[in-house]
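J.: Dumping the structure here so I can ask a few things about it.
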Amino acid sequence: MKPIIPVLLGADLNCYHVARAFHEAYGVVSYAFGRYAVSATKYSKIVRFTAVPDLEDEAVMLRVLHEFAAAHKDAKLILMGCTDNYAAMIIRRKAELPEYVAPCPDESLYGTIQKKAEFYEVCDRFGIEYPKTVVLSSPADEDAYTEEALGFAYPIIVKPSSSVIYWEHPFDGMKKVYVASSPNEAAAIVREIYASGYDDRMILQKMIPGEDDHMRVLTCFSDEHGKVRAMCLGHTMVEEHTPKGLGNHAAIVVEPVSSVPVAEKLRLMLEDIGYTGFANFDLKYCDEDGDYKVFEINLRQGRSNYYITGSGLNIARLVAERYEDGGTSLEKCEDEHFWHYVPKKVAYSYTADEALVKKAKALAKAGKTSSSLLYRPDLCMNPMRLICALEILRRQNKKYARYCKKYR
């Protein structure tokens with residue numbers, strides 16, 4: 001059997017989670033390439049990072065990957081993107097990288113579901129509910145932003161349909177998602193985003209009430225034949241609330257997939273369209289009708305993917321052992337588990353749902369818990385990594401005190 005070498009594009013927490021999964025499963029070190037080093041993977045013994053400042057040039061990416069493959073011909077090379085833009089690059093150029101196992105969807109699907117507007121059209125076909133939405137193709141006249149024109153009340157959510165294109169045009173005050181309290185504010189946000197150079201559609205969406213604990217994250221893994229082989233559901237405790245990190249999960253309790261009925265519809269959708277690789281869905285529970293609304297799909301493993309590995313379903317084993325095995329079995333995470341990137345105290349203090357906090361504490365007491373950065377094999381005899389990890393955790397206290405509401 002060929003030795004496994006994970007090759008990751010990116011250096012963020014997503015990258016570290018994937019590298020940790022491969023190290024836990026096979027004891028291997030991952031090779032990562034990105035534009036610059038990031039604290040999440042800095043000083044790590046399980047990630048060998050190389051900075052390539054112009055890696056987002058697809059010709060450069062191909063050259064780097066081909067050179068790496070040529071130097072490691074005797075290994076099974078597994079290629080994974082850890083940010084939206086790197087995942088998109090791999091999807092677009094997958095056919096030109098035959099040296100790698102790349103668990104991602106085909107390019108033909110990229111334009112169909114990667115953008116939120118197109119994804120909602122697919123949801124309509126399968127009866128999958130999402131928040132009431134109006135799609136704009138340009139800044140539009142002022143009348144387009146009134147409650148009468150939208151069909152729902154303010155405040156509303158404003159966000160780009162294509163996050164990949166959006167982040168390619170940075171500007172001051174840039175946010176991942178915007179909340180507009182009036183038609184004038186919504187119009188101003190849309191104008192600013194288009195003025196930055198963004199040229200895709202914009203989403204105006206009804207706001208679903210509820211704190212972070214109303215959110216769910218569903219991750220599915222499909223093999224090379226489009227068969228869903230694994231599913232894992234996370235109940236969000238708290239998210240990040242910094243302008244550019246808004247919506248990133250910081251603490252999750254894994255719950256049975258069967259607890260969210262829409263999960264089965266999403267599985268059927270993935271198999272019908274022939275999806276391959278990881279798919280990551282953001283959902284929110286709506287108190288008004290007691291149902292779950294789907295927000296978007298990420299065409300990769302989510303940034304918080306260690307909630308899956310920590311629960312016992314190692315994502316590295318999914319890729320290395322199930323993507324090409326020709327099997328049909330489906331594994332669903334049904335055991336509860338408490339994953340956290342922030343310190344446990346932060347997760348407890350900033351989660352609104354008291355019952356969810358009690359569940360997390362009980363899981364922690366039972367040993368059914370995992371922390372992203374506190375990986376003993378990477379910290380042992382590695383003082384710089386230990387200092388880096390502890391500093392990242394220390395800063396979370398200040399960050400949440402600034403951006404989040406404290407409940408206890």
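The values are calculated or read from the model by the stated rules, or taken from the named source; none is laboratory data. Not measured: the values here are computed from a predicted model. Ideal geometry is used to build each Cβ from the backbone, glycine not excepted, and the neighbour counts take in all protein chains shown. SASA here: full protein model, heavy atoms, side chains in, ligands and nucleic acids out. Shrake-Rupley method; radii C 1.70, N 1.55, O 1.52, S 1.80 Å.
J.: In terms of modelled amide H atoms, which long-range or inter-chain residues lie less than 5 Å from the amide H of R300?
T.: N280
J.: Here's a follow-up. Multiply the residue separation of S329 and L246 by 0.36 nm, subtract the distance between their alpha-carbon atoms, and state the gained length in nm to one decimal.
T.: Length gained, S329 through L246: 26.3 nm.
J.: Further question: Length gain on complete extension for the stretch S258 to A153, per 0.36 nm per residue less the alpha carbon to alpha carbon distance?
T.: Once the chain is fully extended between S258 and A153, it gains 34.6 nm.
J.: Same structure, new question: Any chance you could get the radius of gyration and Dmax over the Cα atoms of the stretch 229-381, in Å?
T.: So, for the stretch 229-381, Rg and Dmax equal 16.0, 53 Å respectively.
J.: When the helix-only estimate is applied to the chain (DSSP H runs of n ≥ 4, each -39,500 (n - 2.57), divided by the residue count), what is the mean residue ellipticity at 222 nm, nearest 500 deg cm²/dmol?
T.: -10000 deg cm²/dmol
J.: What does the charge count near I387 come to, summing +1 for each Lys or Arg and -1 for each Asp or Glu among other residues with Cβ under 12 Å from its Cβ?
T.: +2
J.: How high is the FRET efficiency between S181 and R48 when r is their beta carbon distance and R₀ equals 60 Å, given to the nearest 0.05?
T.: My answer for the efficiency is 0.80.
J.: Ranked from highest to lowest mean number of other Cβ atoms within 10 Å per residue, what is the order of the peptides 307-313, 208-214, 71-77?
T.: 307-313, 208-214, 71-77
J.: Ignoring ligands, DNA and RNA, what accessible area per residue does the chain give at 1.4 Å, in Å²?
T.: Result: 42 Å² of accessible area for each residue.
J.: Here is a follow-up. Could you calculate the FRET efficiency of L62 with E192 from 1/(1 + (r/R0)^6), where r is the beta carbon distance between them and R0 is 25 Å, rounded to 0.05?
T.: Here the calculated transfer efficiency is 0.15.
J.: Of K116/K398; K265/K332; K94/K175; K361/K398; K42/K244, which ones are farther than 26 Å apart at the Cα?
T.: Among K116/K398; K265/K332; K94/K175; K361/K398; K42/K244, the Cα-Cα distance tops 26 Å for K116/K398; K94/K175.
J.: Amide H of K76: which non-local residues (sequence gap of 5 or more, or other chain) have their own amide H closer than 5 Å, using H built in the peptide plane?
T.: The answer is I4, I5.
J.: Across the Cα atoms of the stretch 96-174, what radius of gyration and what greatest pairwise Cα-Cα distance (Dmax) are found, in Å?
T.: My reading of the Cα-based Rg and Dmax gives 16.7, 54 Å.
J.: Another one. May I ask you to compute the full-extension gain from Y26 to M207, defined as 0.36 nm times their residue separation minus their alpha-carbon distance, rounded to one decimal in nm?
T.: Gain in length upon complete extension: 60.8 nm.
J.: Also, I was wondering about something else. Taking θ as phi - 60°, what are the ³J(HN,Hα) couplings along the stretch 146-152 by the Karplus curve (6.51, -1.76, 1.60), each to the nearest whole Hz, with x for Gly and Pro?
T.: Couplings: 6, 4, 5, 6, 6, x, 8 Hz.
J.: Please say if the chain is rounded, prolate or oblate, where rounded means a/c under 1.5 for a ≥ b ≥ c the square roots of the C-alpha gyration tensor eigenvalues, and otherwise the choice is prolate for a/b larger than b/c and oblate otherwise?
T.: rounded
J.: Also, quick follow-up: So, counting K/R as plus one and D/E as minus one, what does the shell of residues with Cβ under 9 Å around N298 add up to?
T.: Residues close to N298 contribute a combined charge of -1.
J.: Another one. Can you list residues whose amide H is under 5 Å from A230's amide H, if they're 5+ apart or on another chain and H is modeled 1.01 Å from N?
T.: Those lying under 5 Å, H to H, from A230 are F221, E331.
J.: Could you let me know the centre-to-centre spacing of the stretch 208-244 and the stretch 331-404, using Cα atoms, in angstrom?
T.: A separation of 17 Å, based on Cα centres.
J.: Between rounded, prolate and oblate, where does the stretch 1-102 land on the alpha carbon gyration tensor, with a ≥ b ≥ c its root eigenvalues, rounded for a/c under 1.5, else prolate if a/b exceeds b/c?
T.: It is oblate, given that a/c is not under 1.5 and a/b is not larger than b/c.
J.: Tell me, what HN-Hα J-couplings in whole Hz come from the Karplus equation 6.51 cos²θ - 1.76 cosθ + 1.60 at θ = phi - 60° for each residue of the stretch 336-343, using x for Gly and Pro?
T.: 6, 7, 10, 10, 8, 8, 7, x
J.: What part of the accessible area of the chain, given as a whole %, is carbon or sulfur when the probe is 1.4 angstrom?
T.: So the carbon and sulfur contribution to the accessible surface is 51 percent.
J.: What distance in nm separates the two pseudo spin-label positions at K405 and E224, each 7 Å out from Cα along the beta-carbon direction?
T.: Reported label-point gap for K405 and E224 is 5.0 nm.
J.: Tell me, what HN-Hα J-couplings in whole Hz come from the Karplus equation 6.51 cos²θ - 1.76 cosθ + 1.60 at θ = phi - 60° for each residue of the stretch 384-395, using x for Gly and Pro?
T.: 5, 5, 4, 4, 4, 5, 5, 5, 4, 5, 4, 5
J.: Okay, moving on. Restricting attention to the stretch 288-359, which GluC sites (Glu not before Pro) occupy a DSSP loop and are surrounded by at most 16 other Cβ atoms within 10 Å?
T.: E288, E324, E334
J.: Taking R0 as 45 Å, what's the FRET efficiency between D291 and H169 from their Cβ-Cβ distance, rounded to 0.05?
T.: According to the calculation, E is roughly 0.80.
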